[in-house]
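The values are calculated or read from the model by the stated rules, or taken from the named source; none is laboratory data. None of the values given here were measured: they were computed from a predicted structure. Positions of Cβ are backbone-derived with ideal geometry, glycine not excepted, and every protein chain shown enters the neighbour counts. Ligands, DNA and RNA are excluded from the accessible area calculation, which covers all protein heavy atoms including side chains. Shrake-Rupley method; radii C 1.70, N 1.55, O 1.52, S 1.80 Å.
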Amino acid sequence: MRLKAVDKQILKIALPAIVSNITVPLLGLVDTGIAGHLGDAAYIGAIALGGVIFSVIYWPFCFLRMGTSGLTAQDYGAQRRREVSLTLYRACLLGAGIGMALIALQWPVCEVAQRLMDIAPQMASHVRTYFYICIWGAPATFLLYALNGWFVGMQNSRIPMVVAIVQNTANIPLSLLLVFGCGMKIAGVALGTVLAQYVGLLTALLMLRHSFGRYLVSVKLREIVQRQALMRFLSVNRDIMMRMLCIMAVTVWFNIVGSRQGELVLAANAMLFQLFYLFSFFFDGFANAAEAICGKCKGAHDAEGFAFAVKRIFFCGLVLVVAFTAVYVVAEDLILNTLSGNVRVVDTARDYYHWLLLVPVCGIMSFVWDGVFIGATATRSLLLSMVVGTVGFFTGYLLLFPSFGNDGLWLSFLIYLLGRGISQCLIFTRVVREV
């Protein structure tokens, strides 16, 4: 009975989280699709470049979701109702503050980003238009990070799923109305995206009040900014932010090295990386389950339940690895030909496809452990393992790329995944002792 109950709890959190993750790229796809019908290729390029800028700006602040989920899950497991509320308020206060700071700094941020990306003059004005409108969605984005992390910590990933679906559903008619109905072109695309973000935020707040209103208690501002509690909150999020910067360093360098090898290798790597992202979207759902369940067990000081949950999440992860590997093996031709109609790009991707088959196997440990460590708020250990993986990647690149080229780059990426996972296995005994 316990086995079925834990598996049911894992799937209850993981499956809606997977749906939420899959919807993440849809906002960008909708913007790109609408821009593609404006008649000028510069619009598509501007949307793509604007999307890259916001990805770089927003990605490091994902700690608002991860840190909030682990802390909330522990307070929920310990039945500390007041702390559950305070964690939410601190996360929202920080998220709103970061969003408003970015709005205040929008001009230097935009100018620096455009200089670093060396954007062509014919697209620069479109990128500025898109950026200066979309930046007003920053507070909504960061508040949603905080709220979604809190919902997961409260063992509920259905609300983030509903919010994501509502947000994406609203984006389509809003953007179409503003672009084609009001003739706003790229400004309409940007404004539609911003309005959809606030629709998502409003939906989250309404569902927060409806589903969790009884958990929220009235507190005073001095309790929210109480020094010791605030420093703990910031310490957890600082470690996760530095971890995100390591991930960005590896991802950006991987793409830079790919671009230096020519258009064919760059396109092939991009295709294979999209398949890695697809795998990660699914696996992150189980990582979310690990955050919620392991955090709850730690808060309740249930070491036995903590260890059992880790075993079951690893089992689910192994099933997912087998499923993805089997699909990637059996459907290789179908997958590659679907992603590109260019025969030369497909042939180049096929030369490196075997590395993709090893990604699920090498990545399972790091994905599951990330969720476990975040739930246990063992963020310093999480950062340490990421540093080990990142050093492994760049060391591998320096040693292997000169001799093996793109094969050496992919092997370095697998070393990065294994370095994270193996170091976390070694550290886990210390983490579980703290439960």
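Remark: spin-label model distance Val252-Ser211 equals 3.5 nm, labels positioned 7 Å along the Cα→Cβ axis.
Each of Ser218 and Ala96 was given a label point 7 Å from its Cα along the Cα-to-Cβ line. The distance between the two points is 1.8 nm.
For the options Gly70, Gly285, Gly258, a Gaussian network treatment of the chain with springs between C-alpha atoms closer than 10 Å singles out Gly258 as fluctuating the most. Extension gain, Leu116 to Ala331: 0.36 nm times the residue separation minus the Cα-Cα distance gives 73.5 nm. Taking region 47-66 and a reference point 7 angstrom along Cα→Cβ of Leu245, the backbone N atoms nearer than 14 Å belong to 57, 59-63.
Taking every protein chain into account, the 1.4 Å probe leaves His126 with about 40 Å² of accessible area, to the nearest ten. Straight-line cross-link partners of Lys185 among the aspartates and glutamates, defined as a Cα under 18 Å from its Cα and at least 8 positions apart when in the same chain: Asp31, Asp40. For region 93-166, averaging the sequence separation of C-alpha pairs within contact (under 8 Å, six or more residues apart) and dividing by the residue count gives a relative contact order of 44 percent. 3J(HN,Hα) along region 6-19, derived from phi through the Karplus expression 6.51 cos²θ - 1.76 cosθ + 1.60 where θ = phi - 60°, amounts to 5, 4, 5, 5, 4, 5, 4, 8, 5, 5, x, 5, 4, 4 Hz, with x in place of Gly and Pro. Using a probe of 1.4 angstrom and keeping all protein chains present, the accessible surface of the chain works out to 44 square angstrom per residue.
Given the DSSP H assignment, sum -39500 (n - 2.57) over each helix run of at least 4 residues in the chain and divide by its residue total; what's the result at 222 nm in deg cm²/dmol, nearest 500? After summing the helix terms and dividing by the residues of the chain, the value is -29500 deg cm²/dmol. Take the Cβ atoms of Arg81 and Leu11, set R0 to 25 Å, and the FRET efficiency comes out at 0.40. Taking every C-alpha pair closer than 8 Å and separated by at least 6 residues, the mean separation divided by the residue count of the chain gives a relative contact order of 22 percent.
Sorted by mean Cβ packing within 10 Å, highest first, what order do the peptides 402-411, 373-382, 155-164, 212-221 take?
Highest mean packing first, the order is 373-382, 155-164, 402-411, 212-221.
Of the solvent-accessible surface of the chain, computed with a 1.4 Å probe and all protein chains present, 69% belongs to carbon and sulfur.
Computed from backbone phi, the HN-Hα couplings of region 348-361 come to 5, 4, 5, 5, 10, 5, 4, 5, 4, 5, 8, 4, x, 5 Hz, rounded to whole numbers (Karplus: 6.51 cos²θ - 1.76 cosθ + 1.60, θ = phi - 60°; Gly and Pro given as x). Using the Karplus relation 6.51 cos²θ - 1.76 cosθ + 1.60 with θ = phi - 60°, the per-residue 3J(HN,Hα) values for region 266-277 come to 4, 5, 5, 4, 4, 4, 5, 5, 4, 6, 5, 4 Hz, with x marking Gly and Pro. Modelled label positions at Ala323 and Val24, each set 7 Å beyond Cα in the direction of Cβ, lie 1.8 nm from each other.
Per-residue surface analysis assigns Met244 an accessible area of about 10 Å², computed on protein heavy atoms at 1.4 Å probe radius.
With 30 Å as the limit on Cα-Cα distance, the pairs of Lys220/Lys311; Lys4/Lys298; Lys8/Lys220 that go past it are Lys220/Lys311; Lys8/Lys220. Using the Cα gyration tensor of region 372-412, with a ≥ b ≥ c the square roots of its eigenvalues, what is the shape: rounded (a/c below 1.5), prolate (a/b larger than b/c) or oblate (neither)? Taking the square roots of the gyration eigenvalues as a ≥ b ≥ c, region 372-412 is prolate.
Placing +1 on the Cβ of every Lys and Arg and -1 on the Cβ of every Asp and Glu, with no other charges, gives the chain a dipole of roughly 1740 debye about its Cα centre.
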